Every structure is written in C-alpha cells, then in structure tokens.
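*Asks:* Before anything else, here's the structure in question.
The values are calculated or read from the model by the stated rules, or taken from the named source; none is laboratory data. Just so it is clear, the structure is predicted and the values come from calculations on it, not from any experiment. Cβ atoms come from the backbone with ideal geometry, glycine included; neighbour counts cover every protein chain shown.
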C-alpha cells in the first residue's frame, strides 16, 4: 500500500515533522528530509501492526490531491511511503527450523507449563519481547 505523507519543512533549529493523514494519530519526525521519510515508514508499519493486533481494519490510502486540498497542510511537502502489508499479516506459516535438543526440551517444558503448544508459546514470547 502507498500512503501519502505530509512533511512540515524543517530548518537548522527544527526537525521535519511528518503526518500520515489517512492514519489518525500517526506522525513522526526527522532531522533531515530523508530521515523524516524513513521514520514515517517505521511509524506507519507500527501503526498498522497495532491496528491488526487489535483486530481493526486497515484504512485504504487516499490520493495526495485529496489531502493537498486541506488548508492545514498548505506549504507542506508531499511524499508517498510504500508499506508491504503482507509483512504485517497474522496468517500462520509453516516453517522448518533447527534448534539444539536441549533448547527444544526447555521450550517444550515451558509451553507445557503455560498450557500452550510449542508454536503458540514461541509466538507469544516473541511478540511480548
């Protein structure tokens, strides 16, 4: 998906501010224009991941032209950030991994104690980190 971002120009004393108009409350900044755009991508991914984790719907991006008509963004610079939604998907995937036997026994014991499957235990621990 390609989300338009509005960038408030910065200067030697002020960072470049970034707002993602299609994602309420999604904003970021950077000391340079490039840093501001990179940080915006990270923030968009975090915002979308949070919505997915909460069971919400991912908003469709609007056109830059629609947002340019908003007087709030007059004199702001526009860019587009591409986000691969498939990387944020909760769809289960089968994987084949190699783990030392000792570590696997510990994982299995911890999963059993938690009342979970091996996979469920590993996923829960990783997402909690």
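*Asks:* Give region 54-87 a look and list any residue that's more than 15 Å from residue 23 (Cβ to Cβ) and assigned to a helix (DSSP H, G or I), or say none.
*Replies:* If the condition is that a residue be more than 15 Å from residue 23 (Cβ to Cβ) and assigned to a helix (DSSP H, G or I), then 65, 68, 71, 72, 86, 87 are the ones that fit.
*Asks:* Across region 20-71, which residue is nearest to the chain's Cα centre (by Cα) among those that are surrounded by fewer than 17 Cβ atoms within 10 Å (Cβ to Cβ) and under 16 Å from residue 9 (Cβ atoms)?
*Replies:* 35
*Asks:* Identify, from the list 18, 51, the residue that is without any contact (Cβ under 8 Å) to a residue 40 or more places away in the chain, outside the structural domain of residue 120 (by TED's automatic domain parsing) and part of a strand (DSSP E or B).
*Replies:* 18
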